[in-house]
Every structure is written in C-alpha cells, then in structure tokens.
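*Asks:* Handing you this structure, nothing more for now.
Read-outs: derived from the displayed coordinates by stated rules, not from any lab. For clarity, every value in this text was computed on a predicted model and none was experimentally measured. Here the Cβ is made from the backbone with ideal geometry for all residues, glycine too, and neighbour counts use every protein chain on show.
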Amino acid sequence: EQTDTEWNAARVADILLTAERSRTARTSIQHEWPGLTLDVAYAAQDIALADRRSRGETVTGIKLGLTSRAKQQQMGVEEPSVAWLTDAMVLPTGLPVPRDRLIHPRAEPEIAFVLGRPLTGPGITAAQAMAAVDYVTSAIEIIDSRYSGFKFTLADAVADNNSSGVYVTGPVLRRVDEIDLSLEACLLEVDGDIVDSATGSAVLGHPAEALAFAANTFGARGVTLEAGWVVLTGGMTDAVAVEQGSRVSAHFTSLGSITVAGG
Ligand code: OOG
Ligand code: MG
C-alpha cells in the first residue's frame, strides 16, 4: 500500500533523472503526490544537481522558465521559475540537436546574459541586475520535458529542472548599454517559414526583470549567481518541435542569428 511517507524530494529527483537518462516520459508527479510543493520541487532540483555534479558536470549558469505570456499560455503555468544549467547541456554551435539523447525536444529563442560580477538576492532590482552583466547575447534553448506531452504543474516542471535539455548561445556579444533589450526583436523560422516573433519586452517586460527574479529566487535558496554564469532569461515565443532533419533558426535584430538542425 502506498503511503504519503514514501514520497520525498530525493525520490522525486531520482524518478526524474531516471526518466531523463532512459528517455522515458511520465505523468505529473504532483497529481500523484500533492505533497510536491514548490519548496520540495526546488529541493529535488538541488538533489538532481548534486547527482549531475557527482558525474563530473559543472554549473555553467541558470535558466528561467515561463517568463513570457506566450510560454505561460502554451504550458498553462502562470508563474516564472528558475533551474540549473551545466556543461553537459552546452550544444556547440553547428552541432545537430542530439535527438537520440532526448525525448521530444522543442526549440525556443531566448535572450541570454553572462554575468561579470556576482549577484546575491533577495532585494535585487532590474537596474542592479543589469549592473552585474558583462554582456548580452542570444540563445536557442532546446527544452525536453520528462512529462508526457509537456503536461505538468509549476512544481512538476521545477522538479524537472524546468525541462532542461541543451542550449546554444549566439554569435554576437553586446554590452547591455549598447542595445534596448525590450525592443530587441526575434523572428523564429522553421524550415524556411517564419512561424513566430517577439521582442525582449515579452520577457517580464524586460529581460533584466528576469535576471532580477533569478537573483532573488536563488537568493532565497542561499545561492549567489556567480561571475561567468550564463543566464537564459526564458523563451520569448512558443517553443517549436525539433523534428529529425528540420532546421530551426532564431534571427535577432542586434544579436545575430542561430540555427539548429534536428539530428
Ligand atoms: C518549461 C521550461 C520553460 C522557458 O524558457 O520558459 C523554459 C517548459 O516549457 O517545458 O525553459
Ligand atoms: Mg527556456
């Protein structure tokens, strides 16, 4: 007989890491175990990170989830959240999306920061966040939920490291005072068709707000965002499926273009 005491953050982390490594999607954990609160989900995220580190992975930065209305409406979750990025998630420019390691990859265009100084919340404002940025660039994140059909609650997604898969960063680096990030536009192209577009204002009004949110959310967990870390500020548009042989490009006004191909 299953009792509530069989569930805890460590078990949630183990279930989701096993799903990731065996490329097997599952149903919502929170529906099975309502005790999966946001706090427990973040604890599971940290336990999974310890496991990734024990396998030699190192933290390269962090990512935000569900910072745009497009993403929130697509996923049915109304609140942003944060998660970890490691070196195992870096996709070098030009390499195909490793679909053989993923379950059902989707691509989304993002604005990314690289920090020049550490940032410790809580209490960080968007202006303070921007002052810690070394440079801004573009990114395509390839997300890959461990939940069937990407059907999850906020806590489910947080426990699953916000559907982390792999990410590729763009060819152009800019100082944050060189461009207006709320007006920075992106066209999303799939196999030659423009399928979506957005500007940086889609990301909580300005991507700096996402960075401040990350500093404050991690700060509440006792984590400082370190100099050198990449911060993916969240998908600007709906995510699109990466099919075998298909090409997804993100064209930014000032931050260049990135193309990924489904391997
Ligand atoms: C959750 C992860 C969201 C983003 O940029 O919003 C995310 C999901 O949509 O599966 O990475
Ligand atoms: Mg993302």
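*Asks:* Here are some residues: 182, 246, 164. Which one is polar (S, T, N, Q) and within 11 Å of ligand 1 (Cβ to nearest atom)?
*Replies:* Residue meeting the stated conditions: 164.
*Asks:* Could I ask something else about it? Of the residues 81, 54, which single one is more than 30 Å from residue 245 (Cβ to Cβ) and more than 12 Å from ligand 1 (Cβ to nearest atom)?
*Replies:* 54
*Asks:* I'd like to check which strands (runs of 3 or more DSSP E) are fully inside the stretch 170-263 and have at least 1 residues that are farther than 24 Å from residue 76 by Cα and in contact with a Ser or Thr (Cβ under 9 Å, 6 or more places away or on another chain).
*Replies:* So the answer is 185-190, 230-232, 247-252, 257-261.
*Asks:* Which residue, of 147, 167, 135, is more than 24 Å from residue 77 (Cα to Cα) and aromatic (Phe, Trp, Tyr)?
*Replies:* Going through 147, 167, 135 in turn, just one is more than 24 Å from residue 77 (Cα to Cα) and aromatic (Phe, Trp, Tyr): 135.
*Asks:* Condition first: within 16 Å of ligand 2 (Cβ to nearest atom) and not in a helix (DSSP H, G or I). Now tell me which residues in the stretch 37-66 satisfy that.
*Replies:* Selection gives 60, 61, 62, 63, 64, 65, 66.
*Asks:* Find all pairs meeting these conditions: Cβ atoms under 9 angstrom apart; at least six residues apart or on different chains; first residue within the stretch 85-113 and without any contact (Cβ under 8 Å) to a residue 24 or more places away in the chain; second residue β-branched (Val, Ile, Thr) and surrounded by fewer than 18 Cβ atoms within 10 Å (Cβ to Cβ).
*Replies:* Hits for this filter: 94/259.
*Asks:* Could I ask something else about it? Of everything in the stretch 7-25 that's in a loop (DSSP other than H, G, I, E, B) and not polar (S, T, N, Q), which residue is surrounded by the fewest Cβ atoms within 10 Å (Cβ to Cβ)?
*Replies:* Residue satisfying both the conditions and the ranking: 23.
*Asks:* Checking the structure you have, find out if any residue of the stretch 170-192 is surrounded by fewer than 23 Cβ atoms within 10 Å (Cβ to Cβ), within 16 Å of ligand 2 (Cβ to nearest atom) and either under 18 Å from the mean Cα position of the chain (by Cα) or under 26 Å from residue 45 (Cα atoms) (or both).
*Replies:* yes
*Asks:* Scanning the stretch 127-158 for residues that are farther than 30 Å from residue 26 by Cβ and surrounded by 18 or more Cβ atoms within 10 Å (Cβ to Cβ), which turns out nearest to ligand 1 (Cβ to nearest atom)?
*Replies:* Result: 138.
*Asks:* Within the stretch 234-245, is there a residue that is of a type in the set (Ser, Thr, Tyr) and in contact with a Leu (Cβ under 9 Å, 6 or more places away or on another chain)?
*Replies:* For the stretch 234-245, residues of a type in the set (Ser, Thr, Tyr) and in contact with a Leu (Cβ under 9 Å, 6 or more places away or on another chain): present.
*Asks:* Moving on. On the given criteria, is residue 156 acidic (Asp, Glu), at positive phi and either in contact with a Ser or Thr (Cβ under 7 Å, 6 or more places away or on another chain) or in contact (Cβ under 8 Å) with a residue 12 or more places away in the chain (or both)?
*Replies:* no
*Asks:* State which residue is nearest to the chain's Cα centre (by Cα) when the search covers only the stretch 225-257 and only residues that are surrounded by fewer than 24 Cβ atoms within 10 Å (Cβ to Cβ) and of a type in the set (Val, Ile, Thr).
*Replies:* Among them, the one singled out is 230.
*Asks:* Further question on the same structure: How many of the residues making up the stretch 78-103 are of a type in the set (Val, Ile, Thr), within 13 Å of ligand 2 (Cβ to nearest atom) and assigned to a loop (DSSP other than H, G, I, E, B)?
*Replies:* Looking only at that region, the number is 0.
*Asks:* Among the numbered conditions (1) more than 21 Å from residue 186 (Cβ to Cβ); (2) in a strand (DSSP E or B), tell me where residue 127 comes up short.
*Replies:* Only one criterion in (1) more than 21 Å from residue 186 (Cβ to Cβ); (2) in a strand (DSSP E or B) is unmet by residue 127, namely (2).
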